[in-house]
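First up is the structure itself, then whatever we jot down about it.
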Amino acid sequence: WQEVPEGTVFTATDCTLRFRSLGLETEPPLSVPTRGTVEPVRATLVDEFMVDHRALAEGLQRLVAAIAGGDVDAARTEADRIDRNSGAHIAFEESELYPAIGAEASMYEEHAAGLELLQNVSGARAGFSPSDQRDLISEAEAMLDHMEDCGVLLYRVRTLSPLVQSQLEDRLYDWRDEAPRWSEVA
């Protein structure tokens, strides 16, 4: 059993319980117990955020493998998949999460570099030269490093009120519903 916090509704799909704030002025109680003095992040927000990051990391790893193997078609396919599937998360970070937690400007710049990577791969028409392979793999690895930094930023979410955390989670779902491509976010 899991308690449904006051001021929220829930849906259950694929063994996942999803809470959505009704936007009431009261702050719903947390669904995750905590230790220490810092308020916890609602598990659903962190879990959903990490699902997005895991999918992006797996896509970047497939992209690196295709580039390293010199398979331009597979690399272009993967770049397109990342562009299509990661846009909602990028939009959420840039328009909702980063402003809420005061993220550094470098986080936005790293998103721009990640998008440039996808565009460079998508624009490749012939085989990758060894120099191109090194550069593109280095750019993909930089994006993976960015994702690790993003994970650390989630700690800042803990300083936000439970109501703000709930609202952020709702916005993540809203962006997923809109489903923009990464290339449409910039």
Under the Karplus relation with 6.51, -1.76 and 1.60 and θ = phi - 60°, whole-Hz ³J(HN,Hα) for the range 149-166, x at Gly and Pro, equal 4, 4, x, 5, 4, 4, 4, 5, 4, 4, 7, 7, 5, x, 5, 5, 4, 5
Cα-only Rg/Rh for the range 34-174 with Kirkwood Rh rounds to 1.04
Distance in Å, no decimals, from the C-alpha centre of the range 65-81 to the one of the range 116-135 is 9
Expected sort for 63-71, 176-184 on mean C-beta neighbours within 10 Å, highest first, is 63-71, 176-184
In the range 61-130 the accessible area split gives carbon plus sulfur, as whole percent at 1.4 Å, a share of 49
Across 10 Å bins beginning at 0, the whole-percent shares of Cα-Cα pair distances in the range 109-186 come to 15, 33, 32, 14, 6, 0
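The values are calculated or read from the model by the stated rules, or taken from the named source; none is laboratory data. Model, not experiment: these values are computed from the prediction. Glycine also receives a Cβ, built like all others from the backbone with ideal geometry; neighbour counts cover every protein chain displayed. For the accessible areas, the whole protein counts, side chains as well, though only heavy atoms, and no ligand, DNA or RNA atoms are used. Shrake-Rupley method; radii C 1.70, N 1.55, O 1.52, S 1.80 Å.
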